[in-house]
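Beneath this line is the structure, given in structure tokens, with notes to follow.
Please treat every number below as a calculation from the coordinates, not as lab data. Nothing here was measured: the structure is a model prediction, and the numbers come from that model. Every residue, glycine among them, receives a Cβ derived from its backbone with ideal geometry; neighbour counts consider all protein chains shown.
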Amino acid sequence: MRVRPLTCTETRRGDQRVVHSLGDGTVHVSATSPGGLEGAAAPPELPPSPRQVTAARHDATFGFSAVFDAGASQEAVFEGSGMRQLVELAIDGFSCTVFAFGQTGSGKTYTLMGPLTQSEAQPAAPGVLGLMQRSFACLLEQSRSRGSDLVLSASYLEIYNEQVTARPAAPPGTAGTPHLHCPPRRVPQVRDLLSPGPPHALPLRWSKTRGFYVENQLSMDFESLEAITDLLLQALIPPTPAGSQRRRTSAHALNSHSSRSHALLTVHVRSRAVSTHPAPGTWGGRGGAAGPSKEGSLCFVDLAGSERVKETGSSGELSTEANSINRSLLALGHCISLLAKPRGKRTHIPYRDSKLTRLLARSLGGSGVTLMVACISPSSRCLSETLSTLHYASRARKVTTKP
Ligand code: ADP
Ligand code: MG
């Protein structure tokens with residue numbers, strides 16, 4: 001659980017801090033604003049978690065594996081969240097996933113990537129680099145120190161607008177007539193952020209051996225921190241003032257860089273031990289003796305924020321986006337709820353309900369290792385979303401998978 005500092009706007013507005021870390025892996029929420037809990041009660045089907053003590057409607061304590069308060073550095077989050085161990089597991093051949101979730105503007109992208117003000121010309125200061133860059137550095141460092149040869153490649157996807165929204169333009173001569181008879185057109189949903197040019201949809205398929213996968217997804221090899229950082233920046237930040245960024249973001253009241261899509265960056269890690277006395281002409285072209293090869297992956301999922309339309313001031317296309325974001329988060333929450341049940345009592349898990357849950361099926365319930373980072377704002381204005389993130393995270397904590 002990560003609690004971000006109050007932003008300048010929140011401080012200027014005089015927002016109260018209603019979230020406090022108690023220092024023992026618990027977060028205490030105490031509401032001082034009457035009526036601030038509107039719509040924030042836990043869903044009725046949820047049993048209270050064992051460590052959650054609700055003293056009053058406005059006062060609750062939640063326990064997590066680790067809690068990072070407003071003063072926690074990016075390095076402290078990397079070291080204290082288990083991220084380093086996850087990188088090592090990926091090198092050992094496991095499928096590892098990190099989710100960042102929480103309200104828009106709660107610090108998900110900051111936690112994963114650092115501040116979005118960075119560019120190729122103005123890279124971020126090392127201290128504020130996020131979990132992604134630290135993991136890449138760790139992967140490359142491990143590759144050198146373990147004496148193993150790692151082949152690293154990355155793919156980067158986004159899921160945008162889970163639902164059928166756009167309608168085709170009216171045929172010529174029918175301007176102004178209602179489109180009631182036009183079949184709805186699907187907007188692009190899964191997009192490749194590494195592919196240059198205008199975004200286009202990629203098909204999501206299923207096979208017995210691979211599970212759900214995205215067809216024709218680009219994958220790029222990288223051997224240095226600069227190379228992978230450049231890939232990320234090219235996908236997210238316009239290279240020139242006239243350039244266009246590929247990941248969908250729209251400015252609204254809570255966050256001027258709000259991400260309107262779920263973004264999934266996957267690093268594929270292929271490793272093979274290399275002998276110190278290499279035989280010429282063997283694997284990798286570097287003369288290493290053959291050892292057992294392993295294929296792991298490390299997937300970073302930056303979920304679009306959950307949000308109530310009225311709070312973000314969204315309207316028109318923005319509110320359509322907000323609804324579809326909420327719909328896929330709901331599908332994710334539903335799968336998590338079912339997975340949280342004891343193994344014997346689990347029923348069918350509806351991964352097929354959304355593209356997001358299909359793509360995450362392996363990491364949610366399969367043979368993967370998953371780290372969930374929930375991000376919250378300490379502001380009194382965000383109380384209801386903060387409480388729903390805390391409940392969501394309490395449920396996610398109960399999910400166990402079999403690595
Ligand atoms: P989200 O991705 O959840 O929508 P962002 O990561 O974009 O939110 O964060 C919203 C704003 O808050 C950004 O301006 C970001 O730089 C700032 N911010 C978030 N977390 C922190 C933090 N731990 N320390 C300092 N600033 C932060
Ligand atoms: Mg974001």
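Per 0.36 nm of contour for each residue apart, how much would the distance between residue 352 and residue 201 grow if the chain were fully extended, relative to their Cα-Cα spacing?
Roughly 52.6 nm would be gained on extension.
In whole Hz and in residue order, list the ³J(HN,Hα) couplings for segment 205-214 that follow from phi through the Karplus curve 6.51 cos²θ - 1.76 cosθ + 1.60, θ = phi - 60°; x for Gly and Pro.
Per residue, the Karplus-derived 3J(HN,Hα) values read 10, 9, 9, 4, 7, 9, x, 6, 8, 9 Hz.
Using alpha carbons only, how many angstrom separate the centre of segment 350-386 from the centre of segment 7-33?
23 Å
Once you place label points 7 Å from the Cα toward the Cβ at residue 217 and residue 70, how far apart are they in nm?
Output for this residue pair reads 3.8 nm.
What list of whole percents do you get for P(r) of segment 332-403, with Cα-Cα distances grouped in 5 Å bins up to the one holding the largest distance?
Calculated over all Cα pairs of segment 332-403, the distribution is 3, 16, 23, 23, 16, 10, 6, 2, 0 percent.
How large is ³J(HN,Hα) for each residue in segment 347-354, as worked out from phi by the Karplus curve 6.51 cos²θ - 1.76 cosθ + 1.60 (θ = phi - 60°), to whole Hz, x for Gly and Pro?
For segment 347-354, the Karplus curve yields 9, 4, 9, x, 4, 6, 5, 8 Hz.
Taking 7 Å along the Cα-to-C-beta vector as the label spot, tell me the residue 343-residue 330 distance in nanometres, rounded to one decimal.
So the two model labels end up 3.2 nm from each other.
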